[in-house]
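These notes concern the structure reproduced below.
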Amino acid sequence: MKHRPRRTSSIGGSNTQLVPWIALGFSGGLLLGYLFLGTIEAVVSSRLHTGDNTIAQQAAENTVVEVEKREEVQKLSAQQSSHAQAVRSSGSQFPDKGTEIHTLCTSNGSPYLNFQTRIMHGTYKQVQALPGGERLVGFTRILHRTKPDVLVDEVPTWRADPLTPQCDEWCEFPVSDRPNAVAQWMAAAENHPDMIKAPWLLMIETDYVWLKPPLAPPAEDTRAPSWAFPFGYIVPTDPGITGVMRKMFPEDRGPISRVPGSGPAPVMLRVHEWAKVIPDWERLTAHIEADKESKEKLGWVREMYAFSVAVALQNVKLELLLPPKSPLISQPPSDTVPGAASMLHYTWGTMFLESNDSKTWEFDKRTFTDKSIETETPNIPMPPPFQPRWHLHNKLPVTPELHKTLVMMLTHMNDAIDLLPKPSSRVS
Ligand SMILES: *[C@@H]1O[C@H](CO)[C@@H](O)[C@H](O)[C@H]1NC(C)=O
């Protein structure tokens, strides 16, 4: 059976589809910069208005929102509703001081994601051993699957019951199970607070490669904004989606520009911020899945929109920095250097092409889907030494910086692969 994996980050399932996205990554920089400034402006102006006399007002507003939300949540299934309520009652039993980080990812346990997860977790462990890595005090893979998968003994895993059991094997959009799975995890943590090891929860994707420990986040008990990433293809203010955006973010909540162009990963929020955002993220994801128009218009990144709207509804303030300033990720080949990023995201494939367009080298995660690779994870072919004549499939030249960044990423990946337990040494 041919597996067709789809994740929020899988923009474009083939190289032909990929080209416009790559082009967007490069040429959309100006537009993105503009949108990004708009968001920052919204963040800054809303922070300016957080004077003492508006705090009571905000608290009153929040109470109204809580009541509205409670009514909305009652419309969800009994299972979802009980999770959401457990999340909302979040108390102060969780770590609420300092700069330590608990990392989360989600997965349906497919070979495609397990291949990525093994490598990502391998690079995480290497970075954890570096100076600054002591801040990385927790790691949990939230597995939404009806039963454990092959990685449960290798990668710290918490299993959630999936909303869509057929995603164990194949389903169109496994990502729609993610918010509910995270809500289940949060609800379980309410009963077992030691499940959460740090005041900051960092949600990442499986197709990340750790390069270095993250910069220290702000102290939890400050009002500094939390961290997210501005994705060029998440554009809440796009006139073509105003209608579906307004179904989620009504006019009385203000301009749609208050919704960040983010998504749930990479995102580093305080535990209590996650607790506020998760119920809306879950509710809005369910809403989109049930609404044909929203589903069509928001497409493969619809659950990212659900998260972004949830963040805006809950007034969580985000700092959205693009590479090379982002402390979170850089995305080669769209970004040529890691900059401040602690991780690289290989969502886009990279091809080195000769002047006659013949392919000299390629790395594309979409080619790693075979069942065998989740246990016998192969090394990834390194690019040949740099040649100035190469170009990418959007015609931009392969620069020495980009070549160096890719060599660094693949070296980290292959080093991690070399250290993975071999199938023969596996217990199960
Ligand atoms: C394209 O160029 C490469 C390298 O210069 C060469 O090896 C290859 O044979 C060429 N392919 C075609 C179809 O001309």
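Worth pointing out:
- Selection of first residues in the range 367-391 that are among the hydrophobic types (A, V, I, L, M, F, W, C) and of second residues that are within 15 Å of the ligand (Cβ to nearest atom) and open to solvent by 50 Å² or more (accessible area, probe 1.4 Å), restricted to Cβ pairs under 9 Å at least 6 apart or on distinct chains, gives the following pairs, ordered by first then second residue: TRP390/SER355; TRP390/THR360.
- Checking MET409, MET351, MET413 one by one, the residue that is within 16 Å of the ligand (Cβ to nearest atom), under 25 Å from the mean Cα position of the chain (by Cα) and under 25 Å from TYR233 (Cβ atoms) is MET351 and no other.
Residues checked against (1) surrounded by fewer than 20 Cβ atoms within 10 Å (Cβ to Cβ); (2) touching a helix residue (DSSP H, G or I) at 6+ places or on another chain (Cβ under 9 Å); (3) at pLDDT 95 or above:
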| residue | (1), (2), (3) |
| --- | --- |
| LEU269 | no, yes, yes |
| TRP281 | no, yes, yes |
| LYS297 | yes, yes, yes |
| PRO324 | yes, no, yes |
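- Residues being open to solvent by less than 80 Å² (accessible area, probe 1.4 Å) and more than 16 Å from the ligand (Cβ to nearest atom) - total across the range 356-378: 12
- Conditions (1) crowded, with 22+ Cβ neighbours inside 10 Å; (2) under 20 Å from PRO264 (Cα atoms); (3) modelled with pLDDT under 95: number failed by THR117: (3)
- Residue within the range 83-91 that is within 20 Å of ALA416 (Cβ to Cβ), surrounded by fewer than 22 Cβ atoms within 10 Å (Cβ to Cβ) and either modelled with pLDDT of 90 or more or hydrophobic (A, V, I, L, M, F, W, C) (or both) present: no
The values are calculated or read from the model by the stated rules, or taken from the named source; none is laboratory data. Computed from a prediction, not measured in an experiment: that's the story for all the values here. Using ideal geometry, Cβ is built from the backbone for each residue, glycine included, and neighbour counts are taken over all protein chains shown. The area values use the complete protein model at the heavy-atom level, side chains included, leaving out ligands, DNA and RNA. Shrake-Rupley method; radii C 1.70, N 1.55, O 1.52, S 1.80 Å.
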